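Student: Here it is: the structure, laid out below.
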Amino acid sequence: MTPRTIPANIAADFEALDACHVQIAAHLDRLDALMDRYDRHGADAQAQAEARAIEAFFSSTSREHHHEEERRVFPDLLNSGDAE
């Protein structure tokens, strides 16, 4: 297999999408920690604030990220005919 050269603008788009994947993973870790806190302390003020922050991320940044993937990444992949 020959490595493909990716134009700089497309590479930058993928770097931005990848950065969001890192944020998503971090928020999933936060959610896991929140569940541990909830088990120990219930729905105290700190747990509620953390839950709001996590929900806000998934309702805004993450949602927009997935919209961008659907708009900019997946159509070309599906139309490429290249299984890799």
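Student: Return the pairs, sorted by first residue and then second, in which the second residue is assigned to a helix (DSSP H, G or I), the first residue lies in the range 41-57 and is closer than 14 Å to Ala26 by Cα, the beta carbons are less than 6 Å apart, and the residues are 6+ apart or on different chains.
Tutor: Note: pairs meeting the criteria are Glu50/Leu34; Ile54/His27; Ile54/Arg30; Ile54/Leu31; Phe57/His27.
So that you can scan it fast, the table gives a plain yes or no per residue for (1) more than 26 Å from Leu77 (Cβ to Cβ); (2) surrounded by fewer than 12 Cβ atoms within 10 Å (Cβ to Cβ); (3) aromatic (Phe, Trp, Tyr):
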site: Glu15; (1), (2), (3): no, yes, no
site: Asp18; (1), (2), (3): no, yes, no
site: Tyr38; (1), (2), (3): yes, no, yes
site: Gly42; (1), (2), (3): yes, yes, no
site: Gln46; (1), (2), (3): yes, yes, no
site: Glu50; (1), (2), (3): yes, no, no
site: Glu55; (1), (2), (3): yes, no, no
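None of the figures in this text is laboratory data; all of them are computed from the coordinates on show. Keep in mind that this is a model prediction, so the values were computed, not measured. Quick reminder, even Gly has a Cβ in these numbers, built from the backbone with ideal geometry, and neighbours come from all protein chains shown.
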